[in-house]
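A short write-up of the structure that comes next.
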Amino acid sequence: MCGIVGYVGNRPSLEVLIGGLRRLEYRGYDSAGVAVIDPTGTLVTHKRAGKLHVLIDDLASSPIADGVTGIGHTRWATHGGPTDRNAHPHLGDDGKLALIHNGIIENFSVLKEELLAEGYEFRSETDTEVAAVLLGREYRAAGDLTVAFRTVVDRLHGAFTLLAVHQDQPGVVVGARRNSPLVIGLGDGENFLGSDVAAFVEHTRRAVAIGQDQIVTIRPDSIEVTDFFGNPVETEPFDVSWDAAAAEKGGWSSFMAKEISEEPDAIANTLRGRIVDGAVELTELEPLAGVLADVDRVLLLACGTASYAGMLGKYAIEKWAGIPADVELSHEFRYRDPVIGPRTLVVSISQSGETMDTLMAVKYAQERGAATLSICNTQGATIARESDAALYTHAGPEVAVASTKAFVAQVAALYLFGLHLGALRGHLSAAELATNLAELQAVPDKLAIVLRSGPEIRELARNMTDTRSVLFLGRHVGYPIALEGALKLKELAYIHAEGFAAGELKHGPIALIEPGQRVFVVVPSPRQGGVLHPKVVSNIQEIRARGAHVIAIAEKGDVAVLPFADDVLRIPLAAPLFEPLLAVAPLQIFAMELAAAKGLDVDQPRNLAKSVTVE
Ligand code: M6R
């Protein structure tokens, strides 16, 4: 949460900062602000509550002096409401120093008391201002921002990425990070800092991820990274695999629409180069080679949409590898006493690789001796770096807050992993492996067919703008899709929505059914033995008898649902485990279209941020 950008170089920094903030706005949009050191050596700041465009409009009507050193911030409010005053940057050293922050400083009230007792004053209700004032005090003592940072980080508890500039040190931006992300962009005569590479990818694709508990000082011609004690740290630059155009809307009405359209590519790219001569080749898993041969339980940790990908991963791993697999919400896992055996492999799933709950859960599992694998979409992200191995999804940058293409890519990666494990452990025959790999490779084309139903789904959504509650039912692999359909509708259209396992219906949820209640039902295939199909069709009859309006997502040619469904959305034929990769898109499109029909911002739903980097 919160997007952070820093620049030092040879061109007007405001343009770079605002460009970076545009790309980082998905991280939070409660307020935005910038601070630059102008050519006279004066620190100038401007900040406004509201989305970034409010700040941009303000700067257009009342321009501020520009310079070649600056920092910018887009906020997701934690401490203190989304007001001008609480917007970042915050000032220290009598307005000569500006600081921005992502994270939560847990001991801010103790520090604030200390500073108040010394006569310092505060203008905001934020934890961040405390860090700014503290840094100002330490700067006065040290006369150097980097040295001052070392003292300050020692006093802070919690999670933070901090960036600061001081007008007495033009040409320098200093940052520090603990448990929140920070990446350097390496330029020519200029350098950048960002919460993620999107902040600077239009200027450079060469990057360095800052590690845990490190301080970075950038100047136009140099970068210096140390640990919190000042010991130099070696850096490992990497190349960003996507370009700036990938993070643009490119003519689509929203990032979400664009990202749904990219789902077939997200899956194809995640599979690319990993299926060789009929076998799964995952060289990234080499650090886990010994563990994989011996693992007796897989524990999948994730939040939100990623946890529903994890549920599908569980079904796949159990079926193909014959190993018990469980999915846990990261935040529920961490604050109890989970039993982790010596042969448990923990697999975290996170698009951003920065979700604090998941990061902490991974660390918690590591402390208990678990080997860890990260399934992640963001190069150099913290969770991937902290894990024993990382299996990257190649969905490309996902900008819309609602996760769509990242979800299908996560499922594809989990399926590859499940098939790899099954083959490695001899649980899958060569023929079974080949059949499943062929099914997986066929998904992108089938999904492209599903996406053609966009207009039909838009029509359905437009007729439901007055709906106050929607239920989603699914069974087996349809169940996580029901949960995901409900989550999408809640977060985008602000409509009460619940997903249920269809088998659970008679254990309570059926009481919710009244005439006109809209219910989406993910119908399993009637083919291949199809034992679940008649059960779900019975469920449809049961709710229909009580007046529900049923929208079925059913395989092409499934006529059994026709007499009982009010609407049917068709998906192509696929083996059961692969159906969810096709069934999810209609629900994503439905939520997006309903939100759009209600005039809502589908890319930036209220109260949310893309990366949840605070607990
Ligand atoms: O970056 P992550 O995959 O770790 O994010 C996990 C969830 O916060 C995320 O999937 C969230 O539920 C999405 N907004 C859902 O669309």
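The values are calculated or read from the model by the stated rules, or taken from the named source; none is laboratory data. All values derive from a computational prediction rather than experimental measurement. When we count neighbours, we look across all protein chains shown, and the Cβ atoms used for this are built from the backbone with ideal geometry, even at glycine. SASA here: full protein model, heavy atoms, side chains in, ligands and nucleic acids out. Shrake-Rupley method; radii C 1.70, N 1.55, O 1.52, S 1.80 Å.
Remarks
- In segment 596-612, the residues that are polar (S, T, N, Q) and either within 11 Å of F255 (Cβ to Cβ) or more than 14 Å from the ligand (Cβ to nearest atom) (or both): Q604
- Residue that is open to solvent by less than 10 Å² (accessible area, probe 1.4 Å), assigned to a helix (DSSP H, G or I) and either of a type outside the set (S, T, N, Q) or in contact (Cβ under 8 Å) with a residue 24 or more places away in the chain (or both), where the choices are A434, A482, A442, A423: A482
- Residues of segment 7-22 that are in contact (Cβ under 8 Å) with a residue 60 or more places away in the chain, within 13 Å of D66 (Cβ to Cβ) and part of a helix (DSSP H, G or I): V16 alone.
- Residues of segment 1-36 that turn out to be in contact with an Asp or Glu (Cβ under 9 Å, 6 or more places away or on another chain) and over 20 Å from I104 (Cα atoms), as a count: 14
- With respect to being away from the ligand (no atom under 16 Å from the Cβ), among the small types (G, A, S) and not assigned by TED's automatic domain parsing to the domain that holds R27, A293 fits the description.
- Criterion: acidic (D, E) and more than 16 Å from the ligand (Cβ to nearest atom) - qualifying residue of E332, E354, E328, E318: E318
- Selection count, segment 345-391, where residues are among the hydroxyl-bearing types (S, T, Y), within 20 Å of E259 (Cα to Cα) and touching a helix residue (DSSP H, G or I) at 6+ places or on another chain (Cβ under 7 Å): 1
- Residue list for segment 487-504, filter: in a helix (DSSP H, G or I) and crowded, with 23+ Cβ neighbours inside 10 Å: K488, L489, L492, A493, A502
- Residue within segment 397-417 that is more than 17 Å from the chain's Cα centre (by Cα) and open to solvent by 20 Å² or more (accessible area, probe 1.4 Å) present: no
- Verdict on V531 being over 35 Å from the mean Cα position of the chain (by Cα) and either farther than 19 Å from V470 by Cβ or assigned by TED's automatic domain parsing to the domain that holds F472 (or both): yes
- Test result for D57, among the acidic types (D, E) and surrounded by 19 or more Cβ atoms within 10 Å (Cβ to Cβ): no
- For the residues L359, L373, L312, L299, the requirement of being of a type in the set (A, V, I, L, M), surrounded by 24 or more Cβ atoms within 10 Å (Cβ to Cβ) and within 13 Å of the ligand (Cβ to nearest atom) singles out L359.
Residue-by-condition table, conditions (1) closer than 30 Å to G28 by Cβ; (2) at pLDDT 95 or above; (3) surrounded by 24 or more Cβ atoms within 10 Å (Cβ to Cβ); (4) over 24 Å from the mean Cα position of the chain (by Cα):
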| position | (1), (2), (3), (4) |
| --- | --- |
| S538 | no, no, no, yes |
| A548 | no, yes, yes, yes |
| V561 | no, no, no, yes |
| L569 | no, yes, no, yes |
| A585 | yes, yes, yes, no |
| I589 | yes, yes, yes, no |
| A597 | yes, yes, no, yes |
| L600 | yes, yes, no, no |
| L608 | yes, no, no, no |
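- Which listed residue, of P580, P576, is under 30 Å from R527 (Cβ atoms), within 16 Å of the ligand (Cβ to nearest atom) and in contact (Cβ under 8 Å) with a residue 60 or more places away in the chain: P580
- The condition of being out of contact with any Gly (no Cβ under 8 Å at 6 or more places or on another chain), in the same structural domain as L182 (by TED's automatic domain parsing) and open to solvent by 20 Å² or more (accessible area, probe 1.4 Å) holds for only one of T45, T78, that being T78.
- Among the residues examined, L447 does not qualify as under 21 Å from G290 (Cα atoms), in contact with a helix residue (DSSP H, G or I) (Cβ under 8 Å, 6 or more places away or on another chain), touching a residue at least 24 places away in the same chain (Cβ under 8 Å) and crowded, with 24+ Cβ neighbours inside 10 Å.
- In this structure, I383 does not satisfy being in contact with a strand residue (DSSP E or B) (Cβ under 6 Å, 6 or more places away or on another chain), within 11 Å of the ligand (Cβ to nearest atom) and over 18 Å from I210 (Cβ atoms).
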